[in-house]
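I have placed the structure first, in the form of structure tokens, so that the comments after it can refer back to it.
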Amino acid sequence: LPNRWGQRWPGIVEAVNLDELFEDKSAEWMVKAGEEFYVSLGFDTLNQNFWERSDLYPVEEGASRKKNNHASAWHLDLQDDYRSLMSVVPNSRWFGTSHHELGHIYYYIEYSNPDVPLLLRGGANRSYHEGMGTLMNVASSQQAYLQHLNLLPEDAEIDQIQWLLNEALGDVVFIPFSAGTMTHFEYDLYENDLPKAQYNQRWWELVEKYQGIVPPSPRGEEYCDASSKTHINNDPAQYYDYALSSILVYHLHNYIATNILKQDPNNCNYYGSKKVGDFLKSIMRPGSSKDWRKVLKEKTGEDLSAKAMLKYFEPLMEYLKEQNKGRESVIASL
């Protein structure tokens, strides 16, 4: 698999190659396009401090320093010092990631206001922060938006099922990794005091159980494969929030597309809609000063559920059911 942990399966759908859309773009264009997206929704431009103190692009070959290439956003003073760490190159993953990380940044900006005490300047809950970032990632991958930016030709012949499959191999595949493998491993690690001599065995038991993946060769206890995931080391117990955010993303996306834009949730364009921006700001601005459940019910009229996500991928589900008729699962645990 292209992803080391199998948390997403990019590049498998040969009929959908989004990387070629960015071949003539610069890394700087990628980040600026993300900022322009937010500005079109009514958000402010990013301050000069962001551009001067963020580390957005890969370290040049031969440089004397190294950096963590995992993308992240930082709010250093809980006011106007916000920065991002990325290693942007022109491809589809970093296009989405640029939109994602700026989602965190604009969340920081919105709740850094006099009505929100410093201690409450955070997401409505931890999944909201990741949810806002991932929502913008989903928005950035919509065909209508890519066509608006002249990245995808208006007359492009697109296999909609293959396009949807490509999305599912990201967002749907992510759930068993986040809610399954990562969450249960960390629970065993912290709550059940998992013995060090069983770290790798337990990791791969969970990977097989929840993701249906086995290692290409035996992995003994001389290895600690779980620790190759940066969140195990520096952002513990975060992945259950990531799992919840995956559900939240489609809940919000469906509301935006259906009730604000009046467009097809499977192909809509947020760009230029101040109403979408106002909706997002109304969720971001209170920070964690309001109960997240009440915020969601107040803004969307519904409690959190997976209905919107299931509806989004329903055409793909029908296709897969037809394709898999007569087949049996090869995953014993499933």
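Values in this text are rule-based calculations from the coordinates and carry no lab data. Here the structure is a predicted model, which is why all the values come from computation and not from measurement. Please note: Cβ atoms are built from the backbone with ideal geometry, for glycine as well, and neighbour counts cover all protein chains shown.
Quick check on my link table: of Lys229/Lys325; Lys275/Lys307; Lys290/Lys311; Lys209/Lys281, which ones sit more than 31 Å apart, alpha carbon to alpha carbon?
Lys229/Lys325; Lys209/Lys281
About the Cα centre, and with charges only on the beta carbon of Lys, Arg (+1) and Asp, Glu (-1), how big is the dipole of the chain? Nearest 20 debye, please. Don't jump to the answer; show the numbers that get you there.
Values: 32 positive and 47 negative charges, 159 e Å.
The dipole magnitude comes to about 760 debye.
What's the exposure ranking of Glu222, Glu186, Glu130, going from fewest to most Cβ atoms within 10 Å?
Glu222, Glu186, Glu130
Given the rule -39500 (n - 2.57) for each run of at least 4 DSSP H residues, summed and divided by the residues of the chain, what is its mean residue ellipticity at 222 nm, to the nearest 500 deg cm²/dmol?
Calculated at 222 nm, the ellipticity per residue is -13500 deg cm²/dmol.
Please rank Leu316, Leu120, fewest neighbouring Cβ atoms within 10 Å first, as an exposure proxy.
Numbers: Leu316 20, Leu120 15.
The order, fewest Cβ neighbours first, is Leu120, Leu316.
Cα atoms only, the chain: Rg and Dmax in Å?
Cα only, the chain: 20.4, 61 Å (Rg, Dmax).
Please list the helices of the chain that count as membrane-span-like by this rule: a mean Kyte-Doolittle hydropathy of at least 1.0 together with Cα atoms stretching 27 Å or more along the helix axis, each helix being a complete DSSP H run.
none
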